[in-house]
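Computed from the coordinates by the stated procedures, all read-outs in this text should not be read as laboratory data. This one's a predicted model, so the numbers in the text were calculated from it and none came from an experiment. Cβ placement follows ideal geometry from the backbone for every residue including glycine, while neighbour counts extend to all protein chains displayed.
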Amino acid sequence: MNEDVQLSIVVENKPNTLATLMKKLRDEFIEIKAIIAEGAGDRGIVRMIVNEPEKTGKILEKEGYKYAKDRVLVVNAKDNEELQTILNKLGTNNVNLKCIYLCDKNANFSSFILVCEDIERAKKVLGG
């Protein structure tokens, strides 16, 4: 288990918005480590883990994007059973999971981003 920083960026829900955002970040040599995007109505949220969150925040501010930063956990699970064990530990210890998404998968394990309401409690529950 590792800790990282997730940026949640408010974007317009229309064609080419994500491509435009990605180009701005690529032009500044920002590497995307994990990403998930979802739209609702005329707005969307892009959640991402990047190699340089502070620099990315400055780019977003300069470009007029609204965003939030959250500390997140990156956990590895070798299979669905192990992921279920992780989720059960959090749930039975009253740790609310706000968001989860896959960020890496290989032959040995999958890595998931966990956005928890109380990250310190989540780390304690998961032994970190």
Rounded to the nearest 500, what is the chain's calculated 222 nm mean residue ellipticity when only DSSP H runs of at least 4 contribute -39500 (n - 2.57) each, over all residues? -9500 deg cm²/dmol
With +1 assigned to the C-beta of every Lys and Arg and -1 to the C-beta of every Asp and Glu, and no other charges, what is the dipole magnitude of the chain about the Cα centre in debye, to the nearest 20? 140
Given Cβ charges of +1 for Lys and Arg and -1 for Asp and Glu, the option among Ile9, Gly64, Ile100 whose Cα lies farthest towards the positive end of the dipole of the chain is Gly64
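To one decimal place, what orientation-averaged projected area in nm² is obtained for the convex hull of the Cα set of segment 7-69?
Values: hull surface 15.0 nm².
Averaged projected hull area, Cα only: 3.8 nm².
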FRET efficiency, 1/(1 + (r/R0)^6) with R0 41 Å, evaluated for Lys123 and Lys62 via beta carbons: 0.80
Helix 53-62 sits off the longest principal axis of the Cα atoms of the chain, rounded to the nearest 10 on a 0 to 90 degree scale, by 30
Please report the projected area of the chain's Cα convex hull averaged over all directions, in nm². 8.6
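Which FRET efficiency value, to the nearest 0.05, is calculated for Arg43 and Asn80 with the Förster distance at 41 angstrom and r the Cβ-Cβ distance? Provide the component values of the computation, followed by the final result.
Working: r = 33 Å, r/R0 = 0.79.
Once rounded, the FRET efficiency stands at 0.80.
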